[in-house]
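The structure appears right after this line, and notes come after that.
The values are calculated or read from the model by the stated rules, or taken from the named source; none is laboratory data. Fair warning: this is a prediction, and the values are worked out from it, not measured in the lab. Quick reminder, even Gly has a Cβ in these numbers, built from the backbone with ideal geometry, and neighbours come from all protein chains shown.
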C-alpha cells in the first residue's frame, strides 16, 4: 500500500532528544514504515510556546539541518517541488515535506517568511494551542482571533504558494483565516467535533468550508481527539470520524495526519506500522477500495499536485 501523512512530530522529537529517526521508541522509523510501496511524510518542527523571538527562528533552522541530515542517512528525498512527489509516487520512494507548526518561528518579522522559501517549507500553522504574534490557538479562552501581523503573514504565504494549515487554530482564528484567504486550506491533523467533542476537533461547518475551497483534512490518531473518553479510544474510532466526514461529501478531501510522535495513541495503535491494519479495517468494513486509496494516499497527492498551479 501507499501512504501519505500530513503531520508528525518525529523531527521535533529527534531534534530535542539528539537522536536519529531510527530510535525504536518513535512511532515512525525507517524500519516501521518499510512495508509501504511509496511513502510521503510531512515532518513538522513544532516550536514550544515558551520559545519565542530569535530563539524560535534558531530552532527552526536547526530542525531543517536535522531533517537534511536524517534524510541523507536514511535515503529519504526532501520535497523541493510538488513534481518531486509525482516522481516518488512513480518510483516507489520515500519523501519528506518540511512543515512548521506554530509560526512564532518568524519572531514577529515578516521578512523571515523568506526562510520558508529557502528551506522548502510547504505548510504552516499560524499557532499552536496558545497565543502568539499571529493569533489565538485552540485552547485560548475568549479568543480574539487573528492579529494584524497574522493577516500580513497569511497574505504573504498565499503569494508564495505556501499552504496554510488551520490545525490548532481557535474557532475565531479559523474563521478569520477563511475570511482573509482565497487559496485552498488544510487542516493537517484534526478530527470531527461532532464525533468527539474537543476544541482541537473541527465543526461540520468548518470542514465543509475547507472542502468547498478544495482543501484537505487529515485524520488525527490522538486518543482524546478520537473519543471523548480517550482511554476507550481504538482504531474503530478512526472509522467513525472517517464515516462522518465522508457523509459530508468528504471523499475527495479526507486524508491522514496521524500526529505520530506527538500524540497519545489508542491501545490498539502502536505507530506507523499499524497503518496497514487500519487500511485493512476500512476494507473489512466494506469501504470501496478506491475510496480507501484516496484517504490513505491519493487525496493528499492530488491536492499537492494542484496547489501551486
Exception for residue 195 within (1) in a loop (DSSP other than H, G, I, E, B); (2) in contact with a helix residue (DSSP H, G or I) (Cβ under 7 Å, 6 or more places away or on another chain); (3) farther than 28 Å from residue 234 by Cβ falls at (3)
### Message
Given the criteria surrounded by 23 or more Cβ atoms within 10 Å (Cβ to Cβ) and assigned to a helix (DSSP H, G or I), does residue 303 qualify?
### Response
no
Among residues of the stretch 272-294 being within 16 Å of residue 218 (Cα to Cα) and touching a residue at least 60 places away in the same chain (Cβ under 8 Å), the residue surrounded by the most Cβ atoms within 10 Å (Cβ to Cβ) is 272
Is one or more of the residues making up the stretch 190-198 out of contact with any strand residue (DSSP E or B) (no Cβ under 8 Å at 6 or more places or on another chain), within 30 Å of residue 15 (Cα to Cα) and modelled with pLDDT of 95 or more? yes
> Looking at residue 242, is it out of contact with any strand residue (DSSP E or B) (no Cβ under 8 Å at 6 or more places or on another chain) and crowded, with 20+ Cβ neighbours inside 10 Å?
Replying inline: no
Report whether or not residue 99 is within 26 Å of residue 166 (Cβ to Cβ), in contact with a helix residue (DSSP H, G or I) (Cβ under 7 Å, 6 or more places away or on another chain) and crowded, with 16+ Cβ neighbours inside 10 Å. no
Inspect the stretch 142-153 for any residue being in contact with a helix residue (DSSP H, G or I) (Cβ under 9 Å, 6 or more places away or on another chain), surrounded by fewer than 17 Cβ atoms within 10 Å (Cβ to Cβ) and on the phi < 0 side of the Ramachandran plot and give the result as yes or no.
-> yes
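Test residue 156 against the stated conditions and say whether it is assigned to a loop (DSSP other than H, G, I, E, B), in contact (Cβ under 8 Å) with a residue 40 or more places away in the chain and either farther than 26 Å from residue 274 by Cα or touching a helix residue (DSSP H, G or I) at 6+ places or on another chain (Cβ under 6 Å) (or both). If you could, list the steps in order and put the result at the bottom.
Numbers: assigned to a loop (DSSP other than H, G, I, E, B): no; in contact (Cβ under 8 Å) with a residue 40 or more places away in the chain: yes; either farther than 26 Å from residue 274 by Cα or touching a helix residue (DSSP H, G or I) at 6+ places or on another chain (Cβ under 6 Å) (or both): yes.
It is false that residue 156 is assigned to a loop (DSSP other than H, G, I, E, B), in contact (Cβ under 8 Å) with a residue 40 or more places away in the chain and either farther than 26 Å from residue 274 by Cα or touching a helix residue (DSSP H, G or I) at 6+ places or on another chain (Cβ under 6 Å) (or both).
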Residue pairs within 9 Å by beta carbon, gap of at least six or interchain, first lying in the stretch 136-150 and part of a helix (DSSP H, G or I), second surrounded by fewer than 19 Cβ atoms within 10 Å (Cβ to Cβ), listed first then second, are 149/108; 149/110; 150/180
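Each row is one residue, and each column tells you yes or no for (1) out of contact with any helix residue (DSSP H, G or I) (no Cβ under 7 Å at 6 or more places or on another chain); (2) not in a loop (DSSP other than H, G, I, E, B).
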site: 237; (1), (2): no, yes
site: 240; (1), (2): yes, yes
site: 269; (1), (2): no, no
site: 294; (1), (2): yes, yes
Restricted to the stretch 204-227 and to residues being assigned to a loop (DSSP other than H, G, I, E, B) and either touching a residue at least 40 places away in the same chain (Cβ under 8 Å) or farther than 12 Å from residue 241 by Cα (or both), the residue nearest to the chain's Cα centre (by Cα) is 220
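Go through the stretch 164-191 and report how many residues are part of a loop (DSSP other than H, G, I, E, B) and under 18 Å from residue 225 (Cα atoms).
Total meeting the criteria: 8.
Based on this model, can you work out whether residue 43 counts as closer than 16 Å to residue 300 by Cβ, at pLDDT 95 or above, buried (at least 17 other Cβ atoms within 10 Å of the Cβ) and in contact with a strand residue (DSSP E or B) (Cβ under 8 Å, 6 or more places away or on another chain)? If you could, list the steps in order and put the result at the bottom.
Numbers: closer than 16 Å to residue 300 by Cβ: yes; at pLDDT 95 or above: yes; buried (at least 17 other Cβ atoms within 10 Å of the Cβ): yes; in contact with a strand residue (DSSP E or B) (Cβ under 8 Å, 6 or more places away or on another chain): yes.
When the stated conditions are applied, residue 43 passes them.
Would you point out which residue out of 171, 120 is on the phi > 0 side of the Ramachandran plot, in contact with a helix residue (DSSP H, G or I) (Cβ under 9 Å, 6 or more places away or on another chain), surrounded by fewer than 24 Cβ atoms within 10 Å (Cβ to Cβ) and modelled with pLDDT of 95 or more? If you could, list the steps in order and put the result at the bottom.
On the way: 171 fails: on the phi > 0 side of the Ramachandran plot.
Among 171, 120, only 120 is on the phi > 0 side of the Ramachandran plot, in contact with a helix residue (DSSP H, G or I) (Cβ under 9 Å, 6 or more places away or on another chain), surrounded by fewer than 24 Cβ atoms within 10 Å (Cβ to Cβ) and modelled with pLDDT of 95 or more.
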